[in-house]
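Since every read-out is calculated from the coordinates, none of them should be taken as a lab result. Please read all numbers here as calculations on a predicted model, not as lab measurements. Virtual Cβ from ideal backbone geometry, glycine too; neighbours counted across all protein chains shown.
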Amino acid sequence: MGPRVQLPPEIQLAQRLAGNEQVTRDRAVRKLRKYIVARTQRAEGGFTHDELLKVWKGLFYCMWMQDKPLLQEELGRTISQLVHTFQTTEAQHLFLRAFWQTMNREWTGIDRLRLDKFYMLMRMVLHESWMALKTRGWEERQTEQLLELLTTEILHPDSQAPSGVRSHFIEIFLEELARVGAHELTAEQNLRLIDPFCRIAARTQDSLVLHNITRGIFETIVEQAPLAIEELMNELDVQEEEEGEEQDVPSRKPPKGSVCGTGPDPGAEQSDDDDEDNAGSVLQFDYEAVASRLFEMASHQDTPPPNRKRLYKVIRKLQGLAEGLFPEDDIPEKAYRCPRGGRRVKMKRRLSQLQSRTGRGAGEASCPDPSPGPARRRRRRSTGADPTVSQEQPGGRRGRGARKRGRRPLAGPARRWPVTRSQSGRGQS
């Protein structure tokens, strides 16, 4: 019997990560973390791309074997935070590249019962990717490197990313970015972060990718514009209150939990975590700059006509936001009565109140005076398509309208179907 072949540590860890027993898998995850720290601290250490692919193969099936939602969430958080054990940015990006390549390779073999936990894993890995950038101060060179990695592995037409991975990535991109950097990133930095989507949307031949980018990135920016403006005005109000308290009573200690407190609060860390997880935090954008960048890409000669037509619609909305015109002004009256419209009208009223407090002019977006276009549409609706007018003033069919009103009072349960009875009576006559 020949000597036993010693397998590399990465393969041994991958085999244990994919074991049947949960105790074996948990022990392998802890050992992997220690192994990464020990190897990356050495001067000649570091992982190759093939070695990280083997590690991610084991981590993928470690997640595959894990059941129970709470344990899946805990394991996903542990796996995604392994990116912080690498010492250099290059090693972190190599680790992330191996993850996305593993998801692209294994995606078609995932059954529908396991999709949710891998959706969650992608969201957590993207979140920790933004956290790694945040710890380094959102440095421009490292931001460009990460964006190039994500574009190459997911968004680029030549990438091997399936439609499910690409669509979910586009959907969660702004959400996770807002949770991590909504209170730190400037409008210029946010424009740089969404620049790959501008380029891909103008060049792609895939209608699904164009739809997902337009809906998940650009139209989301338009829909969140009232929230972004309200959040910015709230921050300005807080700053004014802080300045006023510092000038009036500098020695006065603010009440516990006050937003104006300058000293450390025992619950401040918990509140910061809640703010990061709060879905109401939105990113700030310079809408004129976004519209200019989109127009620059969409106006190229090699841009497909369907892409140019779709992007021009978004550009007009962004230009309207830059001029103070919100898209809610173009919504028909019926849409304001639907459940989704009610929330938008409430937001519009809130904006009008905020702008009146700050002394904005009457020509802003929330001005109650409608523009000429919507006014003409409302006049056309009131003269023709309004159902109340057609019942009270039936026009040339006055006789038939009178007979219809005369037949409406019915006794008993038949009152439930007045129109059917009247129509059937008219047909018999």
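List of remarks:
- Hull volume in cubic angstrom per residue (convex hull over the Cα atoms of the stretch 142-200): 79
- Peptide packing for 291-304, 82-95 was compared via the average number of neighbouring C-beta atoms within 10 Å per residue; ordered from the highest value, the list is 82-95, 291-304.
- Mean Cβ neighbour count within 10 Å, used as a protection proxy, ranking 70-80, 101-111, 163-173 highest first: 163-173, 70-80, 101-111
- Cα-only Debye scattering, the stretch 80-212: base-10 log of I(q)/I(0) at q = 0.11, 0.17, 0.18, 0.22 Å⁻¹: -0.38, -0.95, -1.07, -1.56
- In the stretch 121-162, GluC sites (Glu not before Pro) in a DSSP loop with at most 13 other beta-carbon atoms within 10 Å: GLU139
- Calculated log₁₀ intensity ratio I(q)/I(0) where the Debye formula runs over C-alpha points of the stretch 48-114, q = 0.14, 0.17, 0.27 Å⁻¹: -0.44, -0.64, -1.29
- Surface/4 of the Cα convex hull for the stretch 79-126, nm²: 3.3
- Pairwise inverse Cα distances across the stretch 3-63, averaged and inverted, put the Kirkwood hydrodynamic radius at 12.0 Å.
- The label point for THR303 and the one for GLU74, both projected 7 Å from the Cα toward the Cβ, are 5.1 nm apart.
- Here the Karplus relation 6.51 cos²θ - 1.76 cosθ + 1.60, evaluated at θ = phi - 60°, turns the backbone of the stretch 131-137 into coupling constants of 5, 5, 5, 5, 5, 9, x Hz, with x for every Gly and Pro.
- Residue-count net charge about GLN81 - beta-carbon cut-off 13 Å; Lys, Arg +1, Asp, Glu -1: 0
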